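Scroll down for the structure; my scribbles are underneath it.
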Amino acid sequence: MQELISRFGGTPALILKILFLGVINAAAIWAIPALIGTENWVMLGILVVTTAGIDFFLLARRFVPGKYVVIGASLLLIFQIIPILYTVAIAFTNYSTGHIGTKDEAIATIQRDSLSEGDNAISYDMLPLYAEGQKVVLALTEVPTDTGDQTAADNAPDLGQSESGTQTEFGPSDAASPEASVQTEFGPTGDTASAEPSVQTEFGPGTDTASAEPSVQTEFGPGEVSSTAPSPDASSGTDMNVVTPEPPGGWPPTYIGTNQGLDPVPPGDVQRDEFGTVIGVTGYQTVPEADYPNLDTAIANIKVPGPTGGYITAQGFDSAVELTPTVTYDAASDTFTNIQTGAVYVDNNKGSFVNQDNPEDELLPGWRANIGWTNFASIVTNPDVSGPFVYVFLWTFAYALLTVLLTFTAGLGLAITLNKPGMRGQRIYRALLIVPYAVPAFLSALVFAGLLNDDFGAINQTFGISIPWLFDPFWAKVSCLMLNFWLGVPYMFLISTGALQAIPSELQEAARIDGARNFQVFRLVNLPLLLVALTPLLVASFAFNFNNFNNIYLLTGGGPAIEGSPIAGATDILISYTYKIAFAAGKGNDYGLASAISIIIFLIVGGISATMFARSKALREERS
């Protein structure tokens, strides 16, 4: 040992020390500006003191014991004490979804998000652009509310159409019949007495006919005329790709919109296509359509202060509209007022603005605030929490206790069986019993979930049974205990084997000489000595299973659901119940309530563990 220590002394130790201190101090230097920016002075003080203490003790030549103590104390502070203190602090706040930021941030967010489209809302054509640094801005072109456009009929020239004839490009036609003759490109047609007109072709007049259906002269010969009327679109000859001219009053103004406001763009910097649509602005890069899905959130977060006091917000990727506020904030009285209903929202001193006539009517978001013992009180007074809490606590206690009793009994029995001298295959049996302990617990839980499947599980199919292992409250509890039994027996077998082999054989021989039988030797000699050595491990196993989140979550997910509880399931233990409260229930994450329940779990486990330690002979021997 001394040789090993000497090898790591001198220059190698100095290099390692410098590298270690370099990493520690670099991390501290990186974290200090962030803590100052968030005004987290407590954490800043802890960081500075801890870093300075590590530097002092590791660089000083004196205080050799401190060099070893300070590192362990620092790790204890970082990974144990600080999380505990942080959890306690959170338990006395309303820290949850909708109550995360500060009050000023909440006021600004309410003002920005409490918007609706008015009757005379101004609409804009929108084009996303990239500014410097790939910052997204919006090119906004106001859409005129009254364009004054005329219809095609109004714009059509007067061709002098007569009552009975059809005016052509080169003159009117005469007709005595109810139907007009047709003037062609090269001359008029003759008069006809028939009900239907003749048709003049490109190279000559058509033949008069008295039939109901006219003939038609084609470019290459006569043919039949279809009775179907020609399509208006086909006869109109309208070109859908006509270039849109600039309106007499000029194009509508274009602005660059950001969260700071509207910035007018000179007309000469606006780039338009042949239809007058804005396709770019000089000095900015047009966002490719392929980038739109990635910029959805960035575009939605742009709230441009509008000219009428509202905010211009995107409606998709090509249009925007100015939305007007629905509430106004009075800084003097610290209240919000609904413009439409006149309802006044006041600070309820719990991190929210609520309707003074209806406290259930709350403006979101709120802010993070200290609420005292409210979270702890809700565990008792809130039916949604207190109802399942007692049920979950009783099942958690039974789950942990039964797991320890069953696994210890089986493990100890196997250890006694395989501890007989001269037993054949002893090592093989012991190796096989350790296999479940070597497999990752989460993998075993997933395998059990498949084995216990109602329809396709190997257990039901092999034995020809139909037990709802995971969907019936009773059988789901049995499944959880089966999984813990599979995972826990190897551990109990190992520690029991070690404890049995540590008992002096002379004691057992003396008991047998005194006439004790095998069971009496076990009960009066072996078991008391085993409990002295194993009680701390059994207490640790109880505490572990009391918070054994992985097995419950991976096997049953806390289910199946129980009637009357929107949160807890039949197999939920306190830690999985806390997880659901914190992350998977209600209107969002409730970290404050979850922290309060975590403290209660800590007190329960700590109290039970302390009691069991106090009553064990292990602690009594240490005290003596």
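The values are calculated or read from the model by the stated rules, or taken from the named source; none is laboratory data. These figures come from a predicted structure and were not determined experimentally. Note that each Cβ is placed from the backbone with ideal geometry, even for glycine, and that neighbours are counted across all protein chains shown. Ligands, DNA and RNA are excluded from the accessible area calculation, which covers all protein heavy atoms including side chains. Shrake-Rupley method; radii C 1.70, N 1.55, O 1.52, S 1.80 Å.
A few remarks follow.
- Index of the failed condition, G306 passing every other in (1) open to solvent by less than 40 Å² (accessible area, probe 1.4 Å); (2) modelled with pLDDT of 90 or more: (2)
- Positions within segment 94-134 being surrounded by fewer than 15 Cβ atoms within 10 Å (Cβ to Cβ), among the polar types (S, T, N, Q) and within 18 Å of T326 (Cα to Cα), in sequence order: S116, N120
Residue-by-condition table, conditions (1) within 30 Å of F448 (Cα to Cα); (2) outside any helix (DSSP H, G or I):
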| position | (1), (2) |
| --- | --- |
| E509 | no, no |
| R512 | no, no |
| A516 | no, yes |
| L527 | no, no |
| L534 | yes, no |
| N551 | yes, no |
| I567 | yes, yes |
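- Exclusive hit being without any contact (Cβ under 8 Å) to a residue 24 or more places away in the chain, of a type outside the set (S, T, N, Q) and on the phi > 0 side of the Ramachandran plot, set G276, G250, G261: G250
- Checked against (1) farther than 18 Å from Q501 by Cα; (2) touching a residue at least 12 places away in the same chain (Cβ under 8 Å); (3) buried (at least 16 other Cβ atoms within 10 Å of the Cβ), V354 passes all but a single condition, namely (2).
- The listed residue being free of Cβ contacts under 8 Å to residues at least 40 places away in the same chain and out of contact with any helix residue (DSSP H, G or I) (no Cβ under 6 Å at 6 or more places or on another chain), out of L451, L432: L432
- Residue in segment 332-354 that is touching a Gly at 6+ places or on another chain (Cβ under 7 Å), polar (S, T, N, Q) and more than 19 Å from I600 (Cβ to Cβ) present: yes
- Sole exception among (1) aliphatic (A, V, I, L, M); (2) open to solvent by less than 50 Å² (accessible area, probe 1.4 Å); (3) not in a loop (DSSP other than H, G, I, E, B) for A290, by number: (2)
- Count of residues meeting criterion [open to solvent by less than 40 Å² (accessible area, probe 1.4 Å) and either closer than 15 Å to V404 by Cβ or out of contact with any Leu (no Cβ under 6 Å at 6 or more places or on another chain) (or both)] in segment 479-494: 10
- Residue tally, condition closer than 15 Å to S114 by Cα and either under 31 Å from the mean Cα position of the chain (by Cα) or open to solvent by 80 Å² or more (accessible area, probe 1.4 Å) (or both), over segment 339-351: 4
- Test: residue in segment 383-401 that is open to solvent by less than 70 Å² (accessible area, probe 1.4 Å) and in contact with a His (Cβ under 7 Å, 6 or more places away or on another chain): no
- Residue selected from segment 389-420 under the condition of a type in the set (S, T, Y) and within 20 Å of I503 (Cα to Cα), by the criterion modelled with the lowest pLDDT: T417
- Evaluation of T328 against the conditions (1) more than 19 Å from L115 (Cα to Cα); (2) touching a Ser or Thr at 6+ places or on another chain (Cβ under 6 Å); (3) open to solvent by 50 Å² or more (accessible area, probe 1.4 Å); (4) of a type outside the set (F, W, Y) shows that the sole unmet condition is (1).
- Scanning segment 280-316 for residues that are without any contact (Cβ under 8 Å) to a residue 12 or more places away in the chain and aliphatic (A, V, I, L, M) gives a single hit, A290.
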